[in-house]
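The values are calculated or read from the model by the stated rules, or taken from the named source; none is laboratory data. Being a predicted model, the structure only gives us computed values, none of them experimental. Don't worry about glycine lacking a Cβ; one is built from the backbone with ideal geometry, like all the others, and counts go over all protein chains shown. Keep in mind that these areas ignore ligands, DNA and RNA; they rest on the heavy atoms of the full protein, side chains included. Shrake-Rupley method; radii C 1.70, N 1.55, O 1.52, S 1.80 Å.
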Amino acid sequence: MTKLLEIKDQLIRFYSKYETYLYPVVKFIVALILFTSINTYLGYMTKISSLPVALILSLVCAILPTNAMIWLGAAVILADMYALSLEVMLTTFVLFAALFFLYFRFAPKDGMAVLLTPICFRFHIPYVMPVGCSLLRSAYSVIAVVCGTVVFYFLEGIHRNAATLMGAASEGMEASAKFGISVGQLLGNKEMFLTVAIFVITAIVVYIVRRMDVDYAWTLAIISGALIEIAGLFVGFLVLNISGRTVWLLIGSVVSMLIEFILQFLFMNLDYARTERVQFEDDDYYYYVKAVPKKMVAVREVTVKHFGNTASMGKRIDHAKTQLTPEEEEMGKKVISKPIDLDDDWLKIDR
């Protein structure tokens with residue numbers, strides 16, 4: 001455990017020292033995963049669905065605020081939807097407008113959660129997002145998770161029905177039919193509504209538990225969130241007759257719990273054995289304070305005493321000489337006698 005605490009302390013110091021350079025690198029990596037996923041999952045407009053374009057956009061996102069990444073991602077998705085069908089693009093535009101209003105009204109500082117949620121869905125670990133956001137952020141951060149969840153399920157539905165929409169466009173199907181197909185991917189997706197409901201409940205429970213005045217509140221919050229997600233989604237899949245999700249639900253939940261415990265170790269690793277309770281009062285109130293220290297590595301203080309300024313003098317004396325000049329011998333006497341306040345004459349030897 002001590003070694004892990006030392007590694008954690010070194011990571012914190014390293015990030016604090018180079019935060020100005022590391023955060024743009026993180027944004028570049030997230031943006032690159034985002035744009036390559038859009039190109040792989042959609043990619044209907046071939047002119048912008050290439051790796052060089054994804055790299056350029058990622059570099060731009062690295063130097064811009066996080067919310068700019070959301071705007072650029074939305075623009076690329078709308079361009080792909082336009083290449084697929086004008087009606088699908090209009091439906092996507094209306095959906096994005098509603099989600100942007102919800103996001104910028106309630107959780108404008110949680111842009112990274114909006115971006116990471118669909119990415120985590122792609123890696124089958126979306127269950128880490130509602131728990132992680134409730135541990136590290138405010139209760140409103142669940143809005144960002146909801147926005148990312150809705151976008152993922154909508155785009156997944158469009159991806160599954162892309163062939164139908166392309167066939168409809170080539171056969172000259174009426175616009176109302178195309179609107180019906182695209183809107184149906186949103187309003188008729190029962191799995192999306194189930195997932196959103198479970199994520200909201202999980203985020204609320206985790207936020208309440210981790211703020212409770214109990215020992216190991218974060219651990220209890222993580223376990224509670226994982227149990228709610230597993231039980232709620234498992235029962236929901238059975239009720240809605242959704243198959244092929246149980247195995248990934250269990251695997252993703254276990255991986256998500258490991259990530260959540262890593263977050264706890266990095267941000268809230270408390271030593272409950274050294275809990276202190278303090279009581280004091282002022283003119284208006286009487287206070288009961290519970291203080292739980294964080295687990296940290298004790299830093300050993302080393303004190304170095306310098307006896308005189310001997311560095312510069314030492315450089316001026318060639319210690320390889322067997323015979324010193326009178327000036328060098330006199331300088332050596334001063335170096336030795338200075339720190340102990342002795343008279344220079346006590347080192348004189350009768351020759």
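Side notes on the structure shown:
- Checking each residue in segment 13-64 for being open to solvent by 50 Å² or more (accessible area, probe 1.4 Å), part of a helix (DSSP H, G or I) and among the basic types (K, R) picks out R13, K17.
- Any chance V239 is open to solvent by 60 Å² or more (accessible area, probe 1.4 Å) and at pLDDT 90 or above: yes
- Enumeration of residues in segment 129-150 that are open to solvent by 10 Å² or more (accessible area, probe 1.4 Å), in contact with a helix residue (DSSP H, G or I) (Cβ under 6 Å, 6 or more places away or on another chain) and more than 20 Å from I29 (Cβ to Cβ): A139, Y140, V142, I143, V146
- The listed residue being surrounded by 22 or more Cβ atoms within 10 Å (Cβ to Cβ), within 20 Å of L72 (Cβ to Cβ) and touching a residue at least 60 places away in the same chain (Cβ under 8 Å), out of P118, P126: P118
- Close pairs (7 angstrom Cβ cut-off, 6 or more residues apart or separate chains): more than 16 Å from T117 (Cα to Cα) and of a type in the set (V, I, T) in segment 139-163, in a helix (DSSP H, G or I) and open to solvent by 10 Å² or more (accessible area, probe 1.4 Å) anywhere: I158/Q185
- L90 vs. criteria in contact with a Ser or Thr (Cβ under 9 Å, 6 or more places away or on another chain), open to solvent by 60 Å² or more (accessible area, probe 1.4 Å) and within 17 Å of Q185 (Cα to Cα): yes
Each row is one residue, and each column tells you yes or no for (1) β-branched (V, I, T); (2) touching a residue at least 40 places away in the same chain (Cβ under 8 Å); (3) open to solvent by 60 Å² or more (accessible area, probe 1.4 Å); (4) in a helix (DSSP H, G or I).
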| position | (1), (2), (3), (4) |
| --- | --- |
| S176 | no, no, yes, yes |
| T195 | yes, yes, no, yes |
| A203 | no, yes, no, yes |
| I223 | yes, no, yes, yes |
| A226 | no, yes, no, yes |
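- Residue within segment 73-80 that is open to solvent by 30 Å² or more (accessible area, probe 1.4 Å) and more than 27 Å from N161 (Cβ to Cβ) present: no
- Each residue in segment 260-276 was checked for being surrounded by 16 or more Cβ atoms within 10 Å (Cβ to Cβ) and within 19 Å of I119 (Cβ to Cβ), and 2 pass.
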